[in-house]
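Derivation of every value follows stated rules applied to the coordinates shown; laboratory data play no part. Just so we're clear, the structure is a prediction, and the values are computed from it rather than from any experiment. Note: ideal-geometry Cβ built from the backbone for every residue, glycine included; neighbour counts use all protein chains shown.
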């Protein structure tokens, strides 16, 4: 089955921009979570 609406080159960027303007809760969580604790030290 052919994809009727394929994503363009910058669609991901524009989607993230729109979500950020709307107050994306995941973006706010990103400000509080230190992801470095999940990185491997080896």
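Which of 19, 7 has the fewest other C-beta atoms within 10 Å, and how do the rest follow up to the most? Can you show the working numbers first?
Values: 19 13, 7 9.
Listing 19, 7 from fewest to most nearby Cβ atoms yields 7, 19.
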Quiz item: Can you give the FRET efficiency for residue 10 and residue 30, using 1/(1 + (r/R0)^6), R0 = 30 Å, r = Cβ-Cβ distance, to the nearest 0.05?
Solution: 0.90
Quiz prompt | Cα long-axis angle, helix 11-22 against the chain (0 to 90 degrees, to the nearest 10) | solution = 60
Quiz item: Among 41, 20, which comes first, then next, by fewest other beta-carbon atoms within 10 Å?
Solution: 41, 20
Self-check item: Per residue, the convex hull volume that the Cα atoms of the chain enclose (Å³)
Solution: 156
